[in-house]
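Take a look at the structure below.
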Amino acid sequence: MARPASVDEVVAEIQRVRAAGGTLRPVGSGHSFTALVPTDGVLLSLDRMTSVLEVDRARRRARVQAGIPLHELNDALAAHGLALENLGDIDRQTVAGAIATGTHGTGATFGNLASMVEALTLVTGTGEVIRCSTAHEPDVWRAARVSLGALGVVCEVELRCVEAFTLQGTDAPAPLPTTVARLDELAAGADHFEFFCFPHVETALTRTNRRVDVPAAPPPAWRAWVDDILLTNRVFEAACLAGRARPGLIPALNRGLTKAAGSSERVDRSDRIFASPRLVRFVEMEYALPRAALPDVLERSRAWIERSGFPVNFPMEVRVGAGDDAFLSPAHDRDTAYLAVHVYRGMSWEPYFRAVEHICDEHEGRPHWGKRHFQTAERLAPRFPAWERFAEVRERCDPSRIFANAHLDRVLGA
Ligand SMILES: Cc1cc2nc3c(=O)[nH]c(=O)nc-3n(C[C@H](O)[C@H](O)[C@H](O)COP(=O)(O)OP(=O)(O)OC[C@H]3O[C@@H](n4cnc5c(N)ncnc54)[C@H](O)[C@@H]3O)c2cc1C
């Protein structure tokens, strides 16, 4: 395990591994479900490179060391009156890890976290230090934002920020068929719209986050604990345990959880509304789809569960996002609907995920790089118009494949 404290130490470690004919994988917070990181070689963590290097308040830019976890970054930005324009469900990932897999939140006009990167510093497999942006080394920049850690070690990132803002988060149940039919309208009508739905239940649990011009009014600590920990996590986990022990109960449990979810509203600092504690362990697969394909994929996936009787006591999650230009971004060049499927830990997931993946295949679905999938480079290449351009950058940055592992051989080719 290597824990460099500077760009020079990253260069030295890569040169040492290269000279020894070894391999190296960069690791962030270890929150990916896929085997992107595991290696028999050196594991390189940037957990000593977590500083905010520079905040340009006027240009709303922040330059950070790439090992910084998102929650630390959010606090540092808030202290400067800034924020990231969008975030995913949790904030435990590192900046480097989150951008490497195309981590995203929801919002029809918002791209993923990698699309907020204005420039980055990459140490390649030859020990070269490349600082890239739209203006300088644009192909490396477009490849290195969603890189799967296959091009080198991202050491520094310059992020585009926005003025700090308050979000009003509203959770409410709604009929599933109309929510699906009106997805474009609902997504266009709010800054950040998403919904969850349990198998066997015709109700969508919608979540709508709007930017509001009022001060944050966080709930008292006990209330936040009841909502975020007790109801969202502990009660849910108890239901998951019951469903795992007695799968026959799952339809009734899913109906009960949907009813219990009810409606709620909260007004708080943006990052505290976007992200929440997730204490219930699960396995997940997520597909990025052309927006218009979502209703078909959702309906057929739910129908497969009914037909097969496969036990699923975790909801599906539907989000939206804007297209971007990173070569391997799942949202590359198309406005996207994301469908995520989960199962509770310790339960069978493969038949379910394979069935959903098969349906996504028919719509040119692109997998989330950090979540389970069964794809190979051969099947993925035709779905990414810039696949070859990424391969060219990889050839330049890692000609001797010191950043390879078995998973990357499968999904990107050796
Ligand atoms: C509970 C939970 C909730 C989640 N919610 C969301 C969500 O809302 N939206 C979403 O899109 N995803 C979500 N994810 C997936 C998660 O955001 C991604 O898997 C993310 O990549 C994890 O970041 P990490 O810091 O843990 O990186 P790791 O998982 O450790 O690594 C991810 C990738 O980044 C590479 N990497 C790490 N550091 C560097 C570096 N310095 N230079 C180059 N490459 C590097 C690694 O090699 C690897 O390929 C969730 C995951 C969990 C477990």
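The values are calculated or read from the model by the stated rules, or taken from the named source; none is laboratory data. What you see is a predicted model; the values in this text were computed from it and never measured. Don't worry about glycine lacking a Cβ; one is built from the backbone with ideal geometry, like all the others, and counts go over all protein chains shown. Side chains are part of the model used for accessible areas, which takes the heavy atoms of the whole protein and leaves out ligands, DNA and RNA. Shrake-Rupley method; radii C 1.70, N 1.55, O 1.52, S 1.80 Å.
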Cβ-based charge dipole, the chain, positive-most Cα from SER32, CYS397, GLY256: GLY256
Net charge contributed by nearby residues that have their C-beta within less than 12 Å of VAL267 (K/R +1, D/E -1): +2
√(5λ) per eigenvalue of the Cα gyration tensor, region 166-367, largest first, Å: 26, 24, 15
Globularity ratio of the chain, using Cα Rg and 2.2 N^0.38 Å: 0.97
Amide H contacts under 5 Å for ASP335, placed H, 5+ residues apart: GLY323
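Can you compute the charge dipole magnitude of the chain about its Cα centre, using +1 on each Lys and Arg Cβ and -1 on each Asp and Glu Cβ, nothing else charged? Give it in debye, rounded to the nearest 20.
880
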Per residue accessible area in Å² of the chain, where ligands, DNA and RNA are left out and the probe is 1.4 Å: 40
Positive-pole candidate from GLY21, ALA340, VAL153, dipole of the chain, charges at beta carbon: ALA340
Relative packing of peptides 18-26, 334-342 - highest average C-beta neighbours within 10 Å first: 334-342, 18-26
3J(HN,Hα) from dihedral phi, region 313-320, Karplus parametrisation 6.51/-1.76/1.60, rounded to Hz, x for glycine, proline: 10, 10, x, 8, 10, 10, 10, 10
Among VAL356, ALA322, VAL280 the positive-end extreme of the charge dipole of region 269-369 (Cβ point charges): VAL280
Net charge dipole size for region 166-367 [Lys, Arg +1 and Asp, Glu -1 on Cβ; Debye, nearest 20]: 920
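From the Cα trace of region 134-268, what convex hull volume per residue do you get, rounded to a whole Å³?
With only Cα atoms used, region 134-268 gives 204 Å³ per residue.
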